[in-house]
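The values are calculated or read from the model by the stated rules, or taken from the named source; none is laboratory data. Values in this document were obtained by computation on a predicted structure and should not be read as measured data. Cβ sites come from the backbone with ideal geometry, for glycine too, and all protein chains shown count toward neighbours.
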Amino acid sequence: MLLRSIRLVGLAMVVVGATACYTLTPIRGSSPAPGTRIAFDVNDVGRVALGGAMGPEIDRVEGRLIERSNGEYLLGVTSVSLLRGGVQTWKGEQVVLKPEFVSTVYERRLDKARTGLALAAVAGGIVAIASQNLIADGSTQDDSKVPGDTGLTNRKHIKRIQLLSIPLSRIPFLGRP
């Protein structure tokens, strides 16, 4: 049972570490290398030009840079954020973005502080649960005592932990940059 719990803890840590916390950082100066995950804030000119192919309410386009030539970006699009909220998921469809369609270019980077904080929170939660003896069998009763003859003496007391209900928008590292 303990080995299974350790495996689950390890799996939880790997999942949090793999998803990590990324942030979009504005690119200043040099252009990003092909293969880099980037995002573009689309301006009004871009919304008009790209409206037929991508929809009229484009706010931000994110994807992997395939090539940059003559100032234009060839992007394998992974998601499109809309002006009124919502995100459309794409599967790498290629779109050419001209510089005049874009107001800001971002690079997607790992935010080490937020990722560390998320890992620490998961580890702290796991330690809190383990310290309450809930991973074993949920029992807080001392099993060294021999129960009496009645059925009431065989009941085990189970501690209950109240789970917090926090809206995800209130957690800083889960919000949009």
field: strands (runs of 3 or more DSSP E) lying entirely in the stretch 72-177 (those with 1 or more residues that are at pLDDT 60 or above and exposed (fewer than 10 other Cβ atoms within 10 Å of the Cβ))
entry: 87-97
task: Kindly indicate whether T78 is within 18 Å of E107 (Cα to Cα) and not basic (K, R).
output: yes
